[in-house]
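Asker: I'd like to ask some things about the structure below.
The values are calculated or read from the model by the stated rules, or taken from the named source; none is laboratory data. Treat the numbers as computed from the prediction; the structure is a model and nothing was measured. Note that each Cβ is placed from the backbone with ideal geometry, even for glycine, and that neighbours are counted across all protein chains shown. Areas reflect the complete protein model, heavy atoms only, side chains present, ligands, DNA and RNA absent. Shrake-Rupley method; radii C 1.70, N 1.55, O 1.52, S 1.80 Å.
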Amino acid sequence: MNKRNVLLFLLLLIFASCSSNRKLITNIRKDLRSSNYNEAIVRLDKSDLATNSKNNLLYYMEKGTLLFLADRYSESITYFTLAKRRLDELFAVSISKQSASMISNDLALPYKGEDFEKVLIHYYLALDYLMLNNLEDALVECRQVNLLLNEINEKYKKKNVYSEDAFVRYLNGVLFEIFGELNDSYIDYYRSYKTYKNNYKRFYNITYPSFLRNDLLRLSSNLGLDDFNIFKEKFGNISYLSESNFKYKNGEIILIFENGVIPRKTQGEVRAPLVNRAFFKLVFPEYRNIGDTVIGSVKLTAGKFSSVGGLVEPLAAIAVQDLKDRADRIMARMLARATVKHGATEVATEMLRRSKYSQFAPLVRILGHFFSSATEKADTRGWYTLPHDIFLVRLLVAPGKYSNLQLNIYNRGDNKIGSVNLGSVTVKTGQRVFKYYRGYW
Amino acid sequence: MRNFKLLLLFVIPLFFVSSCAHKQIRRMDSSEIKDLSGRWNDTDSRLTAQKVIAECLESPWYNRHKSETGKNPVVIVGRIVNKSHEHINTETFINDLEKSLINSGEVDFVANNATREQVRAERRSMQDWSNPDTVKRMRNETGADYMLVGSINTIIDKEGKETVKFYQIDLKLLQLETNKIVWIGGKKIKKYIKKDSISW
């Protein structure tokens, strides 16, 4: 092989591993902030994400979310279902792709999703079914996500911060209760309570939503459990609405309000000089400037009824913590790969030096190290249409029609920073109605 | 340069090989059993329906009804609730149940809610538009004596690449006039699924 071929070959390898979706994601997130969901879908479909099989999962998740936001629920279900199937396939470790990633970078591997992303696929599917008034299938998702959470729990044996999802369990509790599966409902409310009190308090500094107290009292009394007395003592004789009172006299509006856009991973790197201008480079994904939640609380008003809700799922903080958890593992992998690549260059140089082509040795060495560093790229892929945070409000109302459902948003200093009219809603006696809103504050 | 051409000679055929993964299609008999994903499928639905209906018609309520009234019982299939971990199309299962019931010849069978509405609309329009000799009377539907309702439950045990799925299909036959449960039956299906943990 002459010099030209060597160069050509190296360049080819470098470009092959360089395809980046940074710009696409930036544009889609811009569309998102201006609520141009259908434009974002067109953009996504035309991109490389739609065709590259390594990024199938990402494509399905992003498209599912955008379709959901565009109120195209049945189509959204199709894509999230594809995402689930793809995850199932990705369970098998591909030998060929693993080896390819060893000589280039992690972007050569198919995207397998973070644990919290896998959980959220079920959450969005449940919402899709709810919006289509199909509670039975929404509950199938609740059952599946419970299985998945148990699996994650088991896998990490509490080592990981994200081994439970308090909000997803809470929503399961709500849905099971509506369906009349009170045992399942109580179990999920209880798990949610535990997780808020332990993990969420410790790592994200948020505690359980105030409604959870009522839910635990209502359910435990309805089921005739001893826990009722324990909770009553713990929560200090608060008043709560019994299920029979609810069923025959009240209705409820439950609002899920998703705000902002989840932060993106960026590439961090460490360099050490080697020969000439070549250097040893280590790269890793990291989060910078994740931005704090601006919203302190939200208030939902229907006629003369109003209720205050708060942050129930700090997704951005969960994503950051999840990556931190894996930082050691990622670093070890990066180090192993860099060592293999730079080491191989040194071996090749040494072999050349001893052969009759010894005059090429210095060139190969520089090119080799250059190639090794140039191909080092951090895997910064992620599900980037997710919100920054999720808020929840439960509002008890008298049955009837409310023409102006109003959502007011307050910052941490309790100043009103926004107000949204969510349109009209009709609540029947004993009915729990779901509302969803995505905003960008 | 010769080496480079040699390289191309190896690389180019690779593209062809990778792009010609072809599809195979073969018609299957609908009774042939083929499990692909381990999910609830047509075979589960059909076999369950056949088995439970056969069991149902052999139980004592049937003869009691016959001896008391001298007529075939009239049955309707109500709601089958999916309480499982899978998105199961209960409609096809209901169809399978209905088919087994009708084909047994031992019960009279009335159409379910959705179908009934269609037939009623047709009958209403008959009153105005059809030849009087062929018009069917309104308010002459056969009322059902019994209603079949039920649920599909799953229990899943999973460890790494292995999964055991346990389906429990519960069915109840209710006497419409009294709410009495005259028969309870069902079927259990157990499946073992193992996923590959390594692929090429």
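Asker: Give me a count of the residues in the stretch A:179-199 that are more than 14 Å from chain B (Cβ to nearest Cβ) and among the hydrophobic types (A, V, I, L, M, F, W, C).
Answerer: Pass one, the stretch A:179-199, residues more than 14 Å from chain B (Cβ to nearest Cβ): A:186-199.
So of that shortlist, the ones also among the hydrophobic types (A, V, I, L, M, F, W, C) come out as A:187.
Residues in the stretch A:179-199 being more than 14 Å from chain B (Cβ to nearest Cβ) and among the hydrophobic types (A, V, I, L, M, F, W, C): 1 in total.
Asker: Can you tell me which residue within the stretch B:78-117, out of those that are under 13 Å from B:VAL149 (Cβ atoms) and either part of a loop (DSSP other than H, G, I, E, B) or small (Gly, Ala, Ser) (or both), is farthest from the other protein chains (Cβ to nearest Cβ)?
Answerer: Among those that are under 13 Å from B:VAL149 (Cβ atoms) and either part of a loop (DSSP other than H, G, I, E, B) or small (Gly, Ala, Ser) (or both), it is B:ASN112.
Asker: Now, a different point. What's the total number of residues in the stretch A:231-260 that are in contact with a Pro (Cβ under 8 Å, 6 or more places away or on another chain) and open to solvent by less than 10 Å² (accessible area, probe 1.4 Å)?
Answerer: Residues that pass the stated criteria total 4.
Asker: Out of all the residues in the stretch A:74-84, which are touching a Leu at 6+ places or on another chain (Cβ under 7 Å) and either more than 10 Å from A:ASP128 (Cα to Cα) or open to solvent by less than 40 Å² (accessible area, probe 1.4 Å) (or both)?
Answerer: Passing the criteria: A:SER76, A:ILE77, A:TYR79, A:PHE80, A:ALA83.
Asker: Next question, about the same structure. Being loosely packed, with under 15 Cβ neighbours inside 10 Å, within 17 Å of B:PHE93 (Cα to Cα) and of a type outside the set (A, V, I, L, M, F, W, C) is the filter here; which residues of the stretch B:42-58 pass it?
Answerer: Listed by number, the list holds a single entry, B:GLU55.
Asker: Is the stretch A:89-98 home to any residue that is at negative phi and buried (at least 21 other Cβ atoms within 10 Å of the Cβ)?
Answerer: No; the residues of the stretch A:89-98 include none that is at negative phi and buried (at least 21 other Cβ atoms within 10 Å of the Cβ).
Asker: Give me a count of the residues in the stretch A:84-111 that are in a loop (DSSP other than H, G, I, E, B) and within 13 Å of chain B (Cβ to nearest Cβ).
Answerer: Final tally of qualifying residues: 5.
Asker: Where residues in the stretch B:147-188 are surrounded by fewer than 16 Cβ atoms within 10 Å (Cβ to Cβ) and within 20 Å of the chain's Cα centre (by Cα), which of them is farthest from A:VAL145 (Cα to Cα)?
Answerer: Across the stretch B:147-188, the extreme among qualifying residues is B:ILE184.
Asker: In the stretch A:125-171, which residues are away from chain B (no Cβ under 13 Å) and either of a type in the set (Phe, Trp, Tyr) or assigned to a helix (DSSP H, G or I) (or both)?
Answerer: Taking the stretch A:125-171 and keeping what is away from chain B (no Cβ under 13 Å), we get A:127, A:130-131, A:133, A:156-171.
Within the stretch A:125-171, A:LEU127, A:LEU130, A:MET131, A:TYR156, A:TYR162, A:ALA166, A:PHE167, A:VAL168, A:ARG169, A:TYR170, A:LEU171 qualify.
Asker: Name the residues in the stretch A:285-342 that are part of a strand (DSSP E or B) and open to solvent by 60 Å² or more (accessible area, probe 1.4 Å), would you?
Answerer: A:LYS299, A:SER306, A:VAL308
Asker: Just a yes or no: is a residue in the stretch A:204-225 of a type outside the set (Ser, Thr, Tyr) and within 25 Å of A:GLY113 (Cβ to Cβ)?
Answerer: Yes, because at least one residue in the stretch A:204-225 is of a type outside the set (Ser, Thr, Tyr) and within 25 Å of A:GLY113 (Cβ to Cβ).
Asker: Right, here's the next one. Answer yes or no as to whether A:VAL347 is open to solvent by 70 Å² or more (accessible area, probe 1.4 Å) and at pLDDT 85 or above.
Answerer: On the way: open to solvent by 70 Å² or more (accessible area, probe 1.4 Å): yes; at pLDDT 85 or above: yes.
For A:VAL347, the condition - open to solvent by 70 Å² or more (accessible area, probe 1.4 Å) and at pLDDT 85 or above - is met.
Asker: Run A:VAL140 past the list (1) under 21 Å from A:VAL312 (Cβ atoms); (2) open to solvent by less than 10 Å² (accessible area, probe 1.4 Å) and report the number of the one that doesn't hold.
Answerer: Failing condition for A:VAL140: (1).
Asker: For the stretch B:126-200, which strands (runs of 3 or more DSSP E) that fit wholly inside it have 3 or more residues that are modelled with pLDDT under 95 and within 14 Å of another protein chain (Cβ to nearest Cβ)?
Answerer: B:146-159, B:162-175
Asker: Pull up the stretch A:192-208, narrow it to residues that are in a helix (DSSP H, G or I) and in contact with a helix residue (DSSP H, G or I) (Cβ under 6 Å, 6 or more places away or on another chain), then point me to the one that is most open to solvent (accessible area, probe 1.4 Å).
Answerer: Here the residue is A:PHE203.
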